[in-house]
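Read the structure below first, then the notes.
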Amino acid sequence: MDIQHLIIFCGAQVIGLQLILFRKKFRTVPNQMLMLILFNIVTHYIYYYLFYTDKIQYNSNGTFLIIPFATLAPVVVYYYVVSVIYGKLQFTRRSAWHLTPIFINAVIFIFFITSNQHKQGLLYLAKSVTISLYIIYPFIMVKMLSDFYNYKGFMLNVFKYNKKKTVLIRLLIFMMTVHFCILVAKYTVPLFIEGSEKTMDIINLCFLMFLGYAISYVIISEPKTIQHSQDKIGLGGFKKYDKSKLTRSEAENNVRILNKIMEDNQPYLNPDFNLTELSSLSKISTHKISETLNGLIGQSFNDYVNNYRVEEFKKLTIKEEFKHFTILALAFEAGFKSKATFNAAFKKFTGETPTQYTKKR
């Protein structure tokens, strides 16, 4: 299969997924943003097809055509995350900062089309501006999720909340980071290895194809990642119990109080720690605690507490004084009461068994 046929094959896969999202029952803001992400992938295929069928010449102005789409891609993913969290797009004064890379590359383009001697240098400059976004935006999006959940620990652990609804966000952030590495290689390797441009293009195309398949797999294996038209609340919609008077702002304040107690006092180290005790420590009723945890961060009380215990277990595994402890002994030190509960919680929050985890340490 030559590169032109590979491009057509890859593009057809992504267009098929777009057609599914175009159905009326999937017309929500997050899905529309996801369609834009897929459309952006298709534009890359179109560009490569035109390039490898000689419709765009290597030293022509047309080589700059892909830059705007590549620059927009991280921004579109960012707004997809915003729409998943809040069920809608939220534009603020800070949103204008997302236009900065576009403005910079627009200025570079003006110099590019009027220059005869520095085209390659200007093109590399525009690409460098664009590539930097693929490593900057993952940090921005993870920070946004951490702030939303008032999570103060290791930021990547924020994905333990609402795991089913954030799985696609996690995938896109991971893939964007991988794409950063591929793009860096794509534009630097040819500087040292003559004739490697086509190979690097094929690697990039294969990555985009894999991204399309990965998105499809997540959607099929975890349907909750795709919102139906009647489900528009997002992660920030805060589902209240029937006849409840608890507001979202009150729930957010409750989470701040609960998180501080868990982090400062570590009551989860007590295997008999229960909802009543947390209520006593926080001065929040047991009913409101349950409603806050379920409605705001999508976790039961047991999951909330076991999350902290799993993180405590991880910390203990790297402490010298606990090197001689068995896995089960460390689990008990972290507050777990039984082996079965520990194994189930660890697998749930990390995706691997305790043994698999400790072997990597």
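The values are calculated or read from the model by the stated rules, or taken from the named source; none is laboratory data. These figures come from a predicted structure and were not determined experimentally. Neighbour counts are summed over all protein chains in view; Cβ atoms, including those assigned to glycine, are modelled from backbone coordinates with ideal geometry.
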Inset, instruction - Filter region 105-127 down to residues that are free of Cβ contacts under 8 Å to residues at least 40 places away in the same chain and under 26 Å from the mean Cα position of the chain (by Cα), then give me how many there are. - result: 1
Legend entry - Residue under evaluation ILE233, criteria (1) closer than 25 Å to TYR86 by Cα; (2) among the hydrophobic types (A, V, I, L, M, F, W, C); (3) at pLDDT 85 or above, criterion not met: (3)
Legend entry - Meets criteria (touching a residue at least 40 places away in the same chain (Cβ under 8 Å), among the hydroxyl-bearing types (Ser, Thr, Tyr) and crowded, with 19+ Cβ neighbours inside 10 Å) for THR53: no
Legend entry - Index of the failed condition, ASP303 passing every other in (1) loosely packed, with under 13 Cβ neighbours inside 10 Å; (2) assigned to a helix (DSSP H, G or I): (1)
Legend entry - Which listed residue, of TYR78, TYR48, is within 16 Å of MET176 (Cα to Cα) and buried (at least 18 other Cβ atoms within 10 Å of the Cβ): TYR78
Legend entry - Index of the failed condition, TYR80 passing every other in (1) in a helix (DSSP H, G or I); (2) farther than 16 Å from TYR137 by Cβ; (3) in contact (Cβ under 8 Å) with a residue 12 or more places away in the chain: (2)
Legend entry - Residue in region 31-54 that is farthest from the chain's Cα centre (by Cα), counting only those that are of a type in the set (S, T, N, Q) and part of a helix (DSSP H, G or I): THR43
Legend entry - Flag if ALA340 is surrounded by fewer than 20 Cβ atoms within 10 Å (Cβ to Cβ), assigned to a helix (DSSP H, G or I) and of a type outside the set (Lys, Arg): yes
Legend entry - One residue from LYS164, LYS119 being touching a Phe, Trp or Tyr at 6+ places or on another chain (Cβ under 8 Å) and modelled with pLDDT under 85: LYS119
